[in-house]
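The values are calculated or read from the model by the stated rules, or taken from the named source; none is laboratory data. Since we're looking at a predicted model, the values are computed, not measured. Cβ atoms come from the backbone with ideal geometry, glycine included; neighbour counts cover every protein chain shown. Note: accessible area is taken over every heavy atom of the protein model, side chains too, but ligands, DNA and RNA are not part of it. Shrake-Rupley method; radii C 1.70, N 1.55, O 1.52, S 1.80 Å.
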Amino acid sequence: MQGIKNIVLDFGCVLVDLDKQRAVDAFNSIGAPEIAAYIDDCKQEDLFHELEIGDITLDEFCDKVREKCPRCHASNQEICDAWDALLLGIPDRRIEAIRCLAKRYRMFVLSNTNWLHWRWAEEKGIPELVERVFLSCDMHLIKPDVEIFRRMLDEGGLKAEETLFVDDSAANCRGAEAVGIRTMHVTDGDEWLSLVGRTATVGFFDGVHLGHQYLLGKVADDARQHGLLSTAITFDRHPREVLHSDYQPQLITTFDEKFRLLSESSVDCCEVLTFDEAMAGLSARDFMQQVLQEKLNVKRLFVGYDHRFGHDLTSTFDDYVRYGRQLGIEVIRGDAYQPAADPKVSSSAIRSLLLAGDVEKAANLLGRHYEMTGVVVRGEQEGRKIGFPTANLSVDSHKLVPAGGVYAVDVLVEGRWHRAMMNIGTRPTYTSPSSSSSSFTACCDSVATTTLEIHILDFAADLYGQQLTVRLLRRLRKEQRFDSPEALRQQLLLDREKVKK
């Protein structure tokens, strides 16, 4: 960034995420497959070119859609909604990145866009965050025409050699380079965030528990104080899976759950690193240089009080500080989260509680109830025969399943929470048909496969194939053996009454 005083950002795929297929489907749904073909082939011509260069209004664009599509009788609003379906949204982390950069650089936007799509930027307040906006539909010019870059430089009072242009189009970057502007060609909407210095912390963050949240809050506060982007840096898999091929982690949070929780936390963004053999071989210093400094532009690094990284686990916090001084990274020790009323908060402590069935204490350390998400699969349907139909849940093989027993739970079905009871244990078994006496076993201790069977109260719908999320509230009892289906039914009636309370 030496010599750069001005940063110019594109809009589509740089600030806003796009979904071409959504727009294709939307135009097909209103009887305009001819228009859908333009989008599918990424054609910026004809009526789309006219709209983005400002030669036609939105109403005229809608008239042209109907002219090209004899089967389309959609209203102007329906056509605009179809074209608007291209845009997914502008993540808050990119808004925060603009705020951070604006403290050190003059910020601008130059985009091939139209008034309909630019409304998304206006609703996010982007025009107020940058010094000036240059839109193709206002300028009657379109990238990669070099004239649009010349006008931007002239009207913005910019020097080409002091200006960095960020765009997802190689052709547009070449157009900027033709007038002497420096460029950054990106293939991902978050790639340019590396321009912003970061306050960051590194960890696996299994569970994203209260201790993690405390550290992330410290990172976020520090970033705001120093005009940086707060970032949680994590990995796509447990490091031990790479170091030991037979390792099967039992995780408090799956990758998707962890990424969602980190993204919803107090930090601006979450960066996920691919942990492979090459990364496993990096020393602590090499990791700090190649990943934290060169790739992510970390300026301030919070290290958890008991955290280590790099294959040379003998490196100490003092070593990290020394490496940081050499690399221009200030290393700060994160203090431990230790509330007076609770035991030490750690992922291992939470795993121990879950494996003991104490989901209530685990929730105290997590800061939320423990959850499991999976798909409903077919079971033996024995519960249905005794008036307690169940949904059998199949979860990720790496997801930690709490101790066997019966639990009071809430279940998320199609956006609504329902009270339910869940049995974790082995599949009920009967004696062979030839036996003179029948016996029935539920939740027995054996080598049988552990199942997760959910009975939703006052609910009668086919859930096979659906995704459910189960929130464990409390454990009602341990696994028990029953002599008959009727004995089990009587106990389940008692369990249900407890769950209702």
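Using 1/(1 + (r/R0)^6) with R0 = 56 angstrom and r between the beta carbons of Glu486 and Ala171, what's the FRET efficiency to the nearest 0.05?
0.15
Looking at the chain, what % of the alpha carbon pairs are farther apart than 43 Å?
Roughly 36 percent, once rounded to a whole number.
Between Val272 and Ala461, what is 0.36 nm times their sequence separation minus the Cα-Cα distance? Round to one decimal in nm.
64.2 nm
Could you work out the local net charge near Asp396, counting Lys and Arg as +1, Asp and Glu as -1, over the other residues with Cβ closer than 15 Å to its Cβ?
-2
Residues of the range 138-154 with the amide nitrogen closer than 11 Å to a label point 7 Å from the Cα of Ala178, along Cα-to-Cβ, please.
Hits in the range 138-154 for Ala178 at 11 Å: 143-150.
With a cut-off of at most 13 other beta carbons within 10 Å, and DSSP calling the residue loop, which trypsin sites (Lys or Arg not before Pro) in the range 242-308 qualify? Please list them.
Lys295
Counting only helical runs of four or more DSSP H residues, what would the 222 nm mean residue ellipticity of the chain come to if each run contributes -39,500 (n - 2.57) and the total is spread over all its residues?
Roughly -10000 deg cm²/dmol at 222 nm, from the helical runs in the chain.
Using only alpha-carbon positions, what ratio does the radius of gyration of the range 127-212 give when scaled by 2.2 N^0.38 Å?
Ratio of Rg to 2.2 N^0.38 Å for the range 127-212: 1.49.
Under 19 Å from the Cα of Lys68, which lysines turn up, not counting those fewer than eight places away in the same chain?
Lys43
Positive end of the charge dipole of the range 130-255 (Lys, Arg +1 and Asp, Glu -1 on Cβ, about the Cα centre): tell me which of Tyr247, Ile181, Gly227 has its Cα farthest that way.
So the residue we want is Gly227.
Along the positive direction of the dipole of the chain (beta-carbon charges: Lys, Arg +1; Asp, Glu -1; about the Cα centre), which of His49, Asn423, Ala82 reaches farthest?
Asn423
Once ligands and nucleic acids are excluded and a 1.4 Å probe is used, how much of Leu313 is accessible, expressed in Å² to the nearest 10?
Rounded to the nearest 10, the figure is 110 Å².
Going through the range 1-54, which trypsin sites (Lys or Arg not before Pro) have at most 16 other Cβ atoms within 10 Å and a DSSP loop state?
Within the range 1-54, the qualifying trypsin sites (Lys or Arg not before Pro) (loop, at most 16 other Cβ atoms within 10 Å) are Lys5, Lys43.
Looking only at GluC sites (Glu not before Pro) in DSSP loops with at most 16 other Cβ atoms within 10 Å, what is the longest site-free stretch of the chain?
No qualifying site falls inside 132-263, the longest such stretch.
After finding the eigenvalues of the alpha carbon gyration tensor for the range 73-128, what semi-axes result from the square roots of 5 times each, listed largest first in whole Å?
Working through the eigenvalues yields semi-axes of 29, 11, 8 Å.
I want to make sure I understand the PRE zone here: with the label point 7 angstrom from the Cα of Ser394 toward its beta carbon, which residues in the range 465-483 have backbone N atoms less than 11 Å away?
465-466
Of Val179, Val196, which has the most accessible area and how do the rest follow, probe 1.4 Å?
Sorted by accessible area, descending: Val179, Val196.
Quick one: what does P(r) look like for the range 267-375 with 5 Å bins over all Cα pairs, in whole %?
2, 10, 16, 16, 16, 13, 14, 10, 3, 0
Per residue, what volume in Å³ does the convex hull of the Cα atoms of the range 1-146 enclose?
Output value, Cα hull per residue: 112 Å³.
Sum up the charges of everything whose Cβ sits under 11 Å from the Cβ of Leu292, counting Lys and Arg as +1 and Asp and Glu as -1, but leave Leu292 out.
+2
Heads up, I need the accessible area for Val8: 1.4 angstrom probe, whole protein in place, Å², nearest 10.
Per-residue accessible area (Val8): approximately 0 Å².
Can you give the accessible area of Arg182 in Å² (nearest 10), computed on protein heavy atoms with a 1.4 Å probe?
Only protein atoms counted, so the area is about 100 Å².
What aspartates and glutamates sit close enough to Lys5 to cross-link, taking a C-alpha to C-alpha distance under 12 Å and skipping anything fewer than 8 places away on the same chain?
Hits, sequence-local ones excluded: Glu161, Glu162.
Once you wrap a convex hull around the alpha carbon atoms of the range 336-398, what is its projected area averaged over all directions, in nm²?
So the Cα hull casts an average projection of 6.1 nm².
If DNA, RNA and ligands are ignored and the probe is 1.4 Å, what is the ranking of Thr231, Thr57 by accessible area, most exposed first?
In descending accessible area the options line up as Thr57, Thr231.
Quote to one decimal, in nm, the extra length available between His311 and Arg71 on full extension: 0.36 nm per residue of separation minus the C-alpha distance between them.
That pair, His311 and Arg71, stretches by 80.1 nm at full extension.
Near Lys478, which lysines are there with a Cα under 27 Å away, not counting those fewer than 8 places off in the same chain?
Filter leaves Lys344, Lys361, Lys385, Lys399, Lys498, Lys500, Lys501.
Go through Phe275, Phe165 and list them by solvent-accessible area, largest first, probe radius 1.4 Å.
Phe275, Phe165
Pick out, in residue order, every one of the trypsin sites (Lys or Arg not before Pro) in the range 94-152 that is DSSP loop and has at most 15 other C-beta atoms within 10 Å; say none if there are none.
When the trypsin sites (Lys or Arg not before Pro) of the range 94-152 are filtered for loop state and at most 15 Cβ neighbours within 10 Å, Lys103, Arg104 remain.
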